[in-house]
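What follows is a set of notes on a single structure, which appears directly below.
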Amino acid sequence: MSPPLHCLLTFEIKGSLLDMTTDNFHSNQRSAITLMRLLIGWHFLYEAAVKIFNPNWTAKFYLLSAESFTKPLFTWLASDGLITTVDFMNILCLAIVGITLVLGVFERLGALVGIALLLLYYFAHPAFPGASQAGTEGSYFLINKNLIEAAALYVIYLCPTGQYFGLRGFMSPASLKTSSN
Amino acid sequence: MDDQNKSGKWSRRDMMKGLAGVPVVGAVLWAGAAKAAKQKESRENILNTLNINASAPPDSGPMSGDPIRLGIIGFGIRGPQLCRALGFATKDWLKSMKDAADKNPNDTRLSSFLEQENLNIQITAVCDLFDVRAQEAADSFSNDKVKVKIYKHHQELLDSKDVDAVVIATADHWHAPIAIAALAAGKHVYLEKPMTHGITETYALQEAVKKYGKVFQVGHQHRQTQSFVTARDVIEKKILGHISLVTANTNRNSDNGAWQYDIHEKANPNTVDWKQFLGNAPDIPFNAEHFFRWRKWWSYGSGLSGDLMVHDYDRINCVLKMGIPKTVVSSGGIYTHRDGRTVPDVMQINMEFPDFTTGSSREAGKEIGMTLVYSATLGNQYNRTTVLMGHDASMELGSDLVLYADSNSTRFKDMLEAGTVDANVPLYRYDPSANAVDGITSATSKYFADKGLLYTYRNGRRVDSTHLHMREWLSGIRNGTPVSCGIQEGFEEVMTAHMGGLSYKLGRRIEFDHAKNEIVPVDGHDLDQVLVAEMDNFV
């Protein structure tokens, strides 16, 4: 039976930020967030995969082309002593985000790692007025797709769905089961 | 189903919801692997087909043994640069580079200089017509072991027993006379480009090199640039097919780029040997602007054709080995710097090679002949790359090298149809600087660096190509190894430049007679005179 409209639009936050759940969400709300989680997970996982299987890939030139006040940081990351580690960590983090989000396990950790990565990408080539936005296909003012995806990951962090659709359900079996609301 | 859930058992639906992500992970990883494998296969296919050997020129021989004692003749702008390539920098330069590096950690000019190989030479003598500069060289390069001696006249320097070899970086009109005198005095010679200022003296210099048997190198340092060696391999493997057109360009838009150099405050008739500077040039009273900005007048310099076109011509000649053109037609004018100069600042030089071919992928006899177009302005800095245009592919050539297949190529027809080659995507890219971060500072430096004239790379490290070019000359002296820009290359370079200058001045086509090895005479004109005379005499 359908709930009243106000129940669809609001939910009660239980406890602290850390043990936030989507238990009180309508199943459609959860499905929508789950869908977003899967899409972002897919995106990260594929980015990780093409890099894992391409031994020549390196973030060096992306880092060296960084602009804005963060340029020294990225130039340092691209230095010969660091770049191998930076490349490895980038692929590892992309894979962690992709796998946790797609599988629905530790996805809150994955979401935080993803936010960190996306903010790094954002600040390497921020959508600031005057900065050249090489490699982007649209028009952006302050906000670009990296920032939007980071915001989406923040929603995923706040609204975990792995217990309803994902491996985490096996850790808390009651959650996996079909909910009636 | 709900009943089963309430009893704590797993329904099929629950299991599916829990495990749904697992096949997705597998699918995405598979897709990523497949994409990478396809890219790798396509790349390897292309590379195997092209079989380009991206290699550096062979290292010149060892620098061991007794130090070679050098005399520097001409210490204006290029002279100090050549000395740095040899490992000797003035005190002022070292200080300014240290300040620059302190301000900007990416400025690697000082560290690159300090990391240069020691070439085991001594600078023992210097001659410059401006006392201040000669003194600066002597003060900076003298040390506990060697005191640099200043000579007022180049002949005194050449007569010195303390000099084994000389580096000549004077104004153009002194190149050949000093080089010939140096060879006659038994000195090895490193001579800046253009090799000569006139036609007759070019043959005299050629004779002197043959007669005295000393090691002679013309200062076209880009012959050391790694990408040009790779470009040569591309040509030899006939990847471009028949090249019908080559375009090379100069675009500079600064005072420095237009030879509007600083005039030293201490320059006056007492500190400058004006009479000696004039040499065979028209006798005029002391003129500081003519002395410091000599490139602006035909009497001492060679204009765009001799000053900058020679770089581009020789870059192409070291890749294609096409030699002197059959005909040359030039045009241009003084359109951006009407400051009293007589050499043009906008110039186009069309060089025809009707019998030249780089090989053809089509039926025999269909393709033959090539034009090299040099196009220059000193009033604009838009970056036009050097492009070699063949029937099968085009090659952009500079410090890096990029190949594009032609969409109507015969050689790549099958690959284009199969979609494994895309005419809009580089077929091949060779960037020897891929591992290096550069700190190029001025517009003129960037102009030269983009052309591969300033730096090249060895094992991922940036190296001054002039350093390698001078090393090659020193190795020729020490070990008898060959030089890459000797008298024949210099002859081809400078005769082409002279044809360009003559065509501009006479407003007509200039021909070269390959059988007689000379520029075809033009009725009523002494071509030597035409070449060095100021334009007022003609228009």
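The values are calculated or read from the model by the stated rules, or taken from the named source; none is laboratory data. Note that the structure is predicted; figures quoted are calculated from it, not measured. Here the Cβ positions follow ideal geometry from the backbone for every residue, glycine too, while neighbour counts run over all protein chains shown. Protein only, heavy atoms only, side chains kept; ligands, DNA and RNA dropped before computing areas. Shrake-Rupley method; radii C 1.70, N 1.55, O 1.52, S 1.80 Å.
Quick notes
- Protection proxy ranking for A:143-150, A:108-115, B:405-412, B:298-305, using the average of other Cβ atoms within 10 Å per residue and placing the highest first: B:298-305, A:108-115, B:405-412, A:143-150.
- Averaged over the residues of A:157-168, the number of partner chain Cβ atoms lying within 10 Å of the residue Cβ comes to 2.
- Surface exposure of the protein assembly as shown, expressed per residue as accessible area with a 1.4 Å probe, stands at 46 Å².
- The charge dipole of chain B, taken about its Cα centre with unit charges on the Cβ atoms of Lys, Arg (+1), Asp and Glu (-1) only, comes to about 1600 debye.
- Helix B:465-479 and the longest principal axis of the Cα set of chain B meet at an angle near 60°.
- Expressed as a whole percent, the accessible surface of the stretch B:144-250 that belongs to carbon and sulfur atoms is 53, based on a 1.4 Å probe.
- Per-q log10 I(q)/I(0), chain B, q = 0.09 Å⁻¹ (Debye; single scatterer per alpha-carbon; no solvent): -0.69
- Chain B, relative contact order [Cα under 8 Å, separation at least 6], %: 18 percent
- The order of the peptides B:367-378, B:473-484 by mean Cβ neighbours within 10 Å, most packed first, is B:367-378, B:473-484.
- Neighbourhood net charge (14 Å Cβ-Cβ; Lys/Arg +1, Asp/Glu -1) for A:A48: 0
- Folded to 0 to 90 degrees: helix B:487-506 orientation relative to chain B principal axis, Cα: 80 degrees
- Where B:D144, B:D345 fall by accessible area, highest first, once all protein chains stay in place (1.4 Å): B:D144, B:D345
- Charged neighbours of A:Y62, selected by a Cβ distance under 15 Å, balance to 0 (K, R count +1; D, E count -1).
- Three-way shape call for the protein assembly as shown based on the alpha-carbon gyration tensor, with the a/c threshold at 1.5: prolate
- Most simply put, the protein assembly as shown has about 60% antiparallel DSSP beta bridges, counting only bridges with both residues inside it.
- Across B:K214, B:K95, A:K51, the residue with the most accessible area heads the list, and the full order at a 1.4 Å probe is B:K95, B:K214, A:K51.
- When A:M36, B:M470, A:M89 are compared by accessible area of protein heavy atoms, the largest-first order is A:M89, A:M36, B:M470, using a 1.4 Å probe.
- Between chain A and chain B, the total buried accessible area stands at approximately 2300 Å², from heavy atoms with a 1.4 Å probe.
- Cβ neighbours within 10 Å from other chains - mean over B:33-42: 3
- The Cα-based radius of gyration of the stretch A:28-176, divided by its Kirkwood radius, gives an Rg/Rh of 1.02.
- Across peptide A:98-106, the average count of Cβ atoms from other chains found within 10 Å of a residue's Cβ is 4.
- Rounded to the nearest 10 square angstrom, A:W42 shows an accessible area of 130 square angstrom against a 1.4 Å probe.
- Neighbourhood net charge (15 Å Cβ-Cβ; Lys/Arg +1, Asp/Glu -1) for B:D162: +2
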